[in-house]
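The values are calculated or read from the model by the stated rules, or taken from the named source; none is laboratory data. Worth saying up front: this structure is predicted, and the values here are computed from it rather than measured. Cβ placement follows ideal geometry from the backbone for every residue including glycine, while neighbour counts extend to all protein chains displayed.
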Amino acid sequence: MCSIFSAQKPEAYTSQTRSIRLGGHATSIRLEATFWVILEEIAAKQNVSVPLFLTKLYDEILDHSGHVANFASLLRCACITYTATVKGREAAEAELERVARRDFGPQLSTCNDIDHGAVKPWMIDFCEFVASPQADTLRKAS
């Protein structure tokens, strides 16, 4: 029975650190590779980049509780929640897509025009900036 868990490939649980910009601030997040794969899947289901998804999630946590105690742990729990309650369930996946259209609507229309086979990091940064509060401030000022 334990071989289900013990026979995992080491690559699946090797930690990876990624630099991400959250709310305009550069930070690093360290998670096991499997969690990054799940986060990429969640973001892809919403037609956004992982950094944009994480920024939205981070902002929502701030709105709900005023602070983020342990974002990496929250991300692991979010991945478990996704695989346990959303993935493979048609109604739940449809709801995730509906909420994504509501929450990421402006970003989707800006970023989905890019040929994803030719995406460069600066393009993703640009799309995220266009959808950011800083860009809203600049638009209002002009």
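For the residues Ala43, Ala12, Ala100, the requirement of being in a helix (DSSP H, G or I), in contact with a Ser or Thr (Cβ under 9 Å, 6 or more places away or on another chain) and buried (at least 16 other Cβ atoms within 10 Å of the Cβ) singles out Ala43. Find the residue count for region 24-40, including only residues that are assigned to a helix (DSSP H, G or I) and either touching a Leu at 6+ places or on another chain (Cβ under 7 Å) or in contact (Cβ under 8 Å) with a residue 12 or more places away in the chain (or both). Qualifying residue count, region 24-40: 6. Taking residues in region 57-72 that are closer than 21 Å to Gln46 by Cα, and partners anywhere that are in a helix (DSSP H, G or I) and charged (D, E, K, R), the pairs with Cβ atoms closer than 9 Å and at least 6 places apart or on different chains are Glu60/Asp103. For the residues Asp63, Asp125, Asp113, the requirement of being exposed (fewer than 13 other Cβ atoms within 10 Å of the Cβ) and either at pLDDT below 85 or among the polar types (S, T, N, Q) (or both) singles out Asp113.
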